[in-house]
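What follows is a set of notes on a single structure, which appears directly below.
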Amino acid sequence: MIPYETKDIRSIVLLGHGASGKTSLIESMLFKAGAIARLGSVENGTSASDYDPDAKEKKHSIDSSILHCNWKGREINIIDTPGYADFIRDTITALVAAETAIIVISATDGIQVNTRKLWDLACQKGLGKIMVVTKADAENVDYHTLLESLRNTFGDTCVPLNLPVGAGHDFREVVNLLALPNPLPDGVAGDVHTSHDALIETIVSADDALMEQYLDGKELDNAVLQPCFVRAIAGGYIVPVLCCSNKKMLGIEDLLGAIAYFSPSPLEGIRRTAVDMQTNKEITLEASKEAPFSAYVFKSVVDPYVGKLSYFRVISGKLEGDISFYNVTSKKTDKAGHLYRILGKEQQPVSRAIPGDIVAVPKLEDLHISDTICDQKHLVKFPEIVFPHPLCSLAVVPLNKGAEKKISECLHKLTEEDKTFRISHDALTNELVVTGMSTLHLQIMIGRLKRRFGIDVDAHTPKIPYKETITARAQAQYKHKKQTGGHGQYGEVHIWIEPLPRGAGFEFVDEIVGGSIPRQYIPAVEKGIREVLDKGILMGHHIVDVRVRLFHGTFHDVDSSEAAFKMAASHAFHDAFNHARPVLLEPIVNIEVTIPAKFMGEITGNLSSHHGHIKGMDTLGDLQVVRATIPMASIANYETELKSMTGGQGAFTIEFSHYDVVPAHLMQQIISHAHTARGTHARKE
């Protein structure tokens, strides 16, 4: 490995909509730089980046991949990220490990939904940005129009660094605007000299002194422009735009050169801040080997055979020799046996890690995504990574015999590497529920459960956690009397039941006077009623918001028992409940739907058709936000519906609001359907 220092490191993350060509672009970069000996492809499943079986099957990235190469003495860390919102968790974590975002745009598809979202994420993190237009050799590409579209969408800071020569199959070379050839080739897309002047003017906008020299007509050579170009990218003054063709390997050297010479190193990029745990104040960390060690864990991979591999970006200090560090989150000291640099699925042992390095350590179970590791004598903590809230859920039942105990443990291991995948046990429906970003996301995770751990599951839409309650007062009495020889069973209870305010739960009131029921049997009466509350009456859901008043009863000196009074209480409550106008309660959620304005009418109409109530609307740039409340049962498949209505341009969030009464006409349908399903299940068994 070529020796390097922090000033030589460039860390980039590739961002772009799915199928924009990120993985193929990286393959070309690695091949051109000599990091790989053979040019692989996404279509054939041979790329260095998409080595996971899921990515090979789907032919697009599912997880981020870490790679690296060396170009002209610069050590370039490369992070390939998924392009679809279903797998955005690895894109979010990758942003903390880089100084520069390479925004990849397909010349054939132009600016897409996720292009804007990922641009915004890069801006929020303060990363420098370079744009790369792939597939520039495709037919019917109007490169000039595409450049105008980029400038109109992302601002005038987007200026070309090179231009294509020829179009479609005739695309044969690129012209670098900082090193113009003489003479210029025929067929350049655009006015070369005007583009050259615009590039220089935008670069020097980051330096007042250079800008003054430029305006005075002084010729600025590349040696003077280079450090200014770095500052301009780091500060957001310029977003250079390059074009390339992966198939023809054109423009790849220009991109590698732009990264090597113009993107910021860890010394020049975004300020890395953390909280000093001793003073509780925010401090800026210096990217120096002499500073105390600190690093940010941003990725984990769990393999049932190899074990856990944790990836981190070194922010300050160094690791070498005794590879031990303090985990601020777990408050434990960890010692790693080995350090690795990663090239796709290859692990390359290294003896040290310096500021800017991205390395991995194996088999440290207490190391998790978003953890801070550092020198125990200088405790700091980086901000927690914030992930989007997953919205799509499935209930899972293991099909393998004896897998009931193992499945939760294995699912938890999957949550280690994917913080938008969550598991829970719904106490109201007694279901094991997995939740993710989309149906596709959950299908991938369920597939991994089977492939990695050998557990196959049946997955279905989770039951809605309905509750049952009453809306009127009712009285009932029941005498449990049974004689079977010897001691019999005897107990009689008289009760009133009445509704309580929503959320009040259950209240038992003992109003027995005169000893009509001996004191030792009162707890049995309450226990019998509580058992019915847990089991439900209408359709087996928990009964809530009910007050029961026990006001009378009778007993037998010999035959009365706790069991008898429990049975009497159960029957009395059933009778009273059925005469107290019982209803179902359903969970209501708050929903916010963000869509382009042109879909406004369709979205509001769709929400209303699902029994939603529109609460308000807001404008967010060229987007509209619709706020509503809607029954949880009505949006079980809303993710799919929204994608269909908006062509994938819509997004939504939900949060629980309250429980409300199910309309009478719907309640009977729900109960009938539940009883039918229960009967079908019983017949199968």
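The values are calculated or read from the model by the stated rules, or taken from the named source; none is laboratory data. None of these values were measured; they are calculated from a predicted model. Quick reminder, even Gly has a Cβ in these numbers, built from the backbone with ideal geometry, and neighbours come from all protein chains shown. SASA here: full protein model, heavy atoms, side chains in, ligands and nucleic acids out. Shrake-Rupley method; radii C 1.70, N 1.55, O 1.52, S 1.80 Å.
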Problem - Cα-based shape type of the stretch 1-53, given that a ≥ b ≥ c are square roots of the gyration tensor eigenvalues and the cut on a/c is 1.5 - result: oblate
Fill in the blank from the handout: Checked against the positive end of the charge dipole of the stretch 22-84 (+1 on Cβ of Lys and Arg, -1 on Cβ of Asp and Glu, about the Cα centre), the farthest of Gly34, Asn77, Ile66 is Gly34
Fill in the blank from the handout: Residue separation between Ala563 and Met600 times 0.36 nm, minus their alpha-carbon distance, gives in nm 7.2 nm
Fill in the blank from the handout: Ignoring ligands and nucleic acids, Asp191 exposes an accessible area, probe 1.4 Å, in Å² to the nearest 10, of 90
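If packing is taken as the average number of other Cβ atoms within 10 Å across a peptide's residues, how do 257-266, 452-461, 14-23, 180-189 rank, most packed first? Mind showing how you got there, number by number?
Values: 257-266: 22.0, 452-461: 14.5, 14-23: 26.3, 180-189: 12.1.
So the order, starting with the most tightly packed, is 14-23, 257-266, 452-461, 180-189.
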Practice task
Using only alpha carbons, build the gyration tensor for the stretch 526-685 and give me the equivalent ellipsoid semi-axes, biggest first, whole Å.
Solution key: 46, 17, 12
Practice task
State the Kirkwood hydrodynamic radius of the stretch 85-139 in Å, one decimal place, computed from all pairs of distinct Cα atoms.
Solution key: 12.0
Handout entry: Partner lysines for Lys377 [C-alpha distance under 17 Å; skip if fewer than 8 residues away on the same chain]
Key = Lys281, Lys289, Lys318, Lys331, Lys332, Lys335
Practice task
Skip the ligands, DNA and RNA, and give the accessible area per residue of the stretch 473-530 with a 1.4 Å probe, whole Å².
Solution key: 56
Handout entry: By accessible area with a 1.4 Å probe, ligands and nucleic acids excluded, highest first: order of Arg313, Arg581, Arg151, Arg451
Key = Arg581, Arg451, Arg151, Arg313
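Calculate, for Asn578 and Thr484, the FRET efficiency according to 1/(1 + (r/R0)^6) with r their C-beta to C-beta distance and R0 41 Å; round to the nearest 0.05.
Values: r = 29 Å, r/R0 = 0.70.
The pair Asn578/Thr484 has a calculated efficiency of 0.90.
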Problem - Solvent-accessible area of Ile654 with every protein chain in place, 1.4 Å probe, in Å² to the nearest 10 - result: 50
Completion exercise
Expressed in angstrom and rounded, the centroid-to-centroid distance over alpha carbons for the stretch 624-661 and the stretch 484-509 is 41
Practice task
Over the stretch 302-348, give the accessible area per residue in Å² for a 1.4 Å probe, as an integer.
Solution key: 46
Fill in the blank from the handout: Row for the stretch 165-231, column shape: gyration tensor on C-alpha, a ≥ b ≥ c, rounded if a/c < 1.5 i.e. under 1.5, prolate if a/b over b/c, else oblate; value prolate
Completion exercise
the stretch 370-448 -> Rg/Rh from Cα coords, Kirkwood Rh, value 1.10
Fill in the blank from the handout: Note on the chain: helices (DSSP H) long enough, at least 20 Å by alpha carbon along their axis, and hydrophobic enough, mean Kyte-Doolittle at least -0.5, are 439-453, 522-535, 562-578
Fill in the blank from the handout: Restricted to the stretch 85-224, the DSSP antiparallel beta bridge percent, nearest 5, is 40
Fill in the blank from the handout: For the stretch 187-307, the percent of accessible surface on carbon and sulfur atoms (probe 1.4 angstrom, ligands and nucleic acids excluded) is 50
Completion exercise
Any residue on another chain or 5+ positions along whose placed amide H is under 5 Å from the amide H of Val589 is listed here as Ile630, Met632, Ser657
Problem - Partner lysines for Lys479 [C-alpha distance under 28 Å; skip if fewer than 8 residues away on the same chain] - result: Lys527, Lys535, Lys566
Problem - Euclidean distance of C-alpha centroids, the stretch 249-287 and the stretch 1-33, integer Å - result: 15
Problem - Under 5 Å, built H, 5+ apart or other chain: amide partners of His17 - result: Thr115
Exercise for the section: Whenever you get a sec, compute what percent of the accessible area on the stretch 438-581 sits on carbon and sulfur atoms (1.4 Å probe). Expected result: 50
Practice task
Calculate the length of the line joining the C-alpha centroid of the stretch 132-174 to that of the stretch 99-121, in whole Å.
Solution key: 14
Practice task
Please work out which option in (1) 15, 38, 28, 13, 5, 1; (2) 14, 31, 20, 11, 9, 9, 5, 2, 0; (3) 17, 49, 29, 6, 0, 0 gives P(r) over Cα pairs in 20 Å bins from 0, in percent calculated from these coordinates, and answer with its label.
Solution key: (1)
Exercise for the section: Show the residues, 5+ positions off or on another chain, whose built amide H is closer than 5 Å to the amide H of Val132. Expected result: Ile103, Val104, Ile105, Leu242
Problem - Computed accessible area, Trp71, all protein chains, 1.4 angstrom probe, square angstrom - result: 30
Exercise for the section: Among the aspartates and glutamates, select those whose C-alpha is under 18 Å from the C-alpha of Lys56, and discard any that sit fewer than 8 residues away in the same chain. Expected result: Glu27, Glu43, Asp80, Asp86, Asp90, Asp303, Glu346
Fill in the blank from the handout: Summing -39500 (n - 2.57) over every DSSP H run of at least 4 residues in the chain and dividing by its residue count gives a helix-only mean residue ellipticity at 222 nm, to the nearest 500 deg cm²/dmol, of -9000 deg cm²/dmol
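Among residues other than Gln443 whose Cβ falls under 12 Å from its Cβ, what is the net charge (Lys/Arg +1, Asp/Glu -1)? Please list the in-between numbers first.
Numbers: positive: Lys58, Arg448, Lys450; negative: Asp54, Glu57, Asp86.
Result for the neighbourhood of Gln443: 0.
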Exercise for the section: Just grab the label-to-label distance for Asn430 and Asn44, each label 7 Å out from Cα along the Cβ direction, in nm (one decimal). Expected result: 5.5
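What do you reckon, how do Glu99, Glu219, Glu286 stack up by accessible area (1.4 Å probe), largest on top? Working shown, then result.
Working: Glu99 5, Glu219 160, Glu286 125 Å².
Final ranking, largest accessible area leading: Glu219, Glu286, Glu99.
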